[in-house]
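Have a look at the structure below before the remarks.
The values are calculated or read from the model by the stated rules, or taken from the named source; none is laboratory data. Quantities reported herein were computed from a predicted structural model and do not represent experimental measurements. Counting neighbours? That spans all protein chains shown, and the Cβs are built from the backbone with ideal geometry, glycine included.
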Amino acid sequence: MKKRSSLSIMVSLVVLMESMLLPMIAAILLGTLGHLAAIAIPVLGSLILYSFSQGESVQLYTILLIASGVLRGFLRYGEQSLNHYIAFKLLAKIRHEVFKKLRTLAPAKLDEKDRGQIIATVTKDVELLEVFYAHTLSPIAIAVLVSIIMLTFIASFAGMYAMISLVSYLLVGAVLPMIVYKYGSQSADLKRASTSEINARLLEMSNSYESIMEYDADKKSLDSIISLNTEIHNAQGRLSHYTGINRLLTELSVIGGALMYLVLAKEIGLSSLIVAVVAHLSSFGPLISLSNLSSDLVHTFAAGRRVLDLLDEEPVIQSYGSHTINDKSTVSVENISFAYVDEDVLNDVSIQFKPGTIYGIEGASGSGKSTLLKLLMRYWDSQNGSIRFDSTSIADITNDSLRSYESSMSQTTEIMTGTIYHNIASVNENATKEDVFEAAKKASIHDFIMSLPKGYQTLVDKKSSFLSAGERQRLALARMFCHDGEMFILDEPTSNIDSLNEALILKSLYASSKDKLVVLVSHRPSTLTIANQRYMMDSGKLTMKNSL
């Protein structure tokens, strides 16, 4: 994917806030008036001092100064309230769009992505966009408007000498931030990449801490975290260095401009010179705020780039049809071929699956067994051939109908954070308590669950050490039984289960599949004994082994 420019990132982020246009205009208006009120305070104060020294009335200036001070507070509050209202509304919208996109990318595209990177994008990257929507977008417009108004005001007192302020404005508001962004972007990207890598490493260590301790790899794992943390520290140091230089040059630009007025503009009169200098010094508030954000914008634009790249990513499955699957459909796989990038996995595979039959597929690891199952669930589309449910192509079937029709169990068991009951019942919103208990009994895990102090209300997560690999697998089986689709798709369902529980599960599976279509993949011959038809997958080719 081509790397986005900062301008294209900004434009894309602005497009996302189309629904917030009116609040944004109001925030810009209030912000502009608020900064003008703040600038008016020192300007009016200087006029009061000058007029008082000349024996002139200061009543009007005093009233205006008090009014400016009071209005400044209300205007500032209104601007900030609107900016944060806009920001948090848009962050909610963007986060919704990110999760929506992740659902379309799953599972094919997400298999190849780093989980730490995904977590960082969903959380930290989206949060960083608050800097853009609350502290950048309207401040840019405010800075431009205030600068134009103040240049006009200063020019009315100092004439062409107002060009001194113009040069200072350009330096502080544009040139210096662009330089800081240019030199800081690489460090910001490095910091973000290292942070994502730490997230991934910590997630990995959390999930496999027993193996790390068993093989005495804790020091090596800790050293890798320390190394990444050092990279983050160094990158942050460079960013802080650039920020410090930016602030120094900003102050020099502001003060240098004031000195230029004092040196070059003596002939404009003392009162006009005082007003021009004070107005010049007081008018940099919005520009300095914007300039100080330049280091934060490095992070924000980097985060925006990653969020936008994710939102623009094309899913593997581009579209779903409008047809639903008929009950007891025959599934026909006709001459399908499939390859991952340049690696051929399936080669001209054909098979017909009929309801009421258990199909067993065996073969060596990497032979294409799991890939065939994923094509049946439409994780990917085959490059050649077709898969049909009766006469309807899988590409013409709605996603909801396909997911409802198929109940699956994969090689890896995902334990969700929550109760055991929730882990089983979550796949079927209509499941009753009796349905959950029955599913657990079929998976031979009901007795184990009832032996726990809190039974089905026991809290579990992916790190629950009291769940063995076999018990996790039986939970996944219970989940599949609870879903109770017309077609069971099982990938190595008993790989971590002892022979006694395997026999019980196979008995339940056989009893539950009298009127269902079951596709069973396993490397264990004992698991395939319940199959009515057995096939061998070898180097992407499928052949019938025997029939029972």
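Things to note:
- When each of THR458, THR413, THR417 is tested for being assigned by the TED database to the domain that holds ARG378 and either loosely packed, with under 15 Cβ neighbours inside 10 Å or at positive phi (or both), the lone residue that passes is THR417.
- Residues that are polar (S, T, N, Q), touching a helix residue (DSSP H, G or I) at 6+ places or on another chain (Cβ under 7 Å) and not in a loop (DSSP other than H, G, I, E, B) within the range 404-426 comprise SER407, SER408, THR419, ASN423, listed in sequence order.
- Taken together, the criteria exclude GLU334 from residues that are within 30 Å of LYS113 (Cα to Cα) and among the acidic types (Asp, Glu).
- Scope the range 368-386; condition closer than 19 Å to SER408 by Cβ and of a type outside the set (D, E, K, R); matching residues: GLY368, SER370, THR371, LEU372, LEU373, LEU375, LEU376, MET377, TYR379, TRP380, SER382
- The single condition among (1) surrounded by fewer than 19 Cβ atoms within 10 Å (Cβ to Cβ); (2) over 34 Å from the mean Cα position of the chain (by Cα) that VAL341 does not satisfy is (2).
- Close Cβ contacts (under 7 Å, 6 or more residues apart or on different chains) running from residues in the range 348-364 that are without any contact (Cβ under 8 Å) to a residue 24 or more places away in the chain and surrounded by fewer than 18 Cβ atoms within 10 Å (Cβ to Cβ) to residues that are of a type outside the set (Asp, Glu) and in a strand (DSSP E or B) comprise GLN352/SER332.
- Checking each residue in the range 68-121 for being out of contact with any Leu (no Cβ under 8 Å at 6 or more places or on another chain), over 17 Å from LEU310 (Cβ atoms) and of a type in the set (Ser, Thr, Tyr) picks out TYR77, SER81, TYR85.
- So LEU13, is it among the aliphatic types (A, V, I, L, M), out of contact with any Leu (no Cβ under 9 Å at 6 or more places or on another chain) and part of a helix (DSSP H, G or I): no
- Here SER319 passes the criteria (1) surrounded by fewer than 21 Cβ atoms within 10 Å (Cβ to Cβ); (2) in contact with a Ser or Thr (Cβ under 8 Å, 6 or more places away or on another chain); (3) polar (S, T, N, Q) except the one numbered (2).
- Residue among THR432, THR417 that is in contact with an Asp or Glu (Cβ under 7 Å, 6 or more places away or on another chain) and over 20 Å from LEU509 (Cβ atoms): THR417
Okay, residues lined up against (1) of a type in the set (A, V, I, L, M, F, W, C); (2) surrounded by fewer than 16 Cβ atoms within 10 Å (Cβ to Cβ); (3) in a helix (DSSP H, G or I):
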{"site": "LEU102", "(1), (2), (3)": "yes, no, yes"}
{"site": "VAL131", "(1), (2), (3)": "yes, no, yes"}
{"site": "ILE142", "(1), (2), (3)": "yes, no, yes"}
{"site": "ILE148", "(1), (2), (3)": "yes, yes, yes"}
{"site": "ILE154", "(1), (2), (3)": "yes, no, yes"}
{"site": "PHE157", "(1), (2), (3)": "yes, no, yes"}
{"site": "LYS182", "(1), (2), (3)": "no, yes, yes"}
{"site": "GLN186", "(1), (2), (3)": "no, yes, yes"}
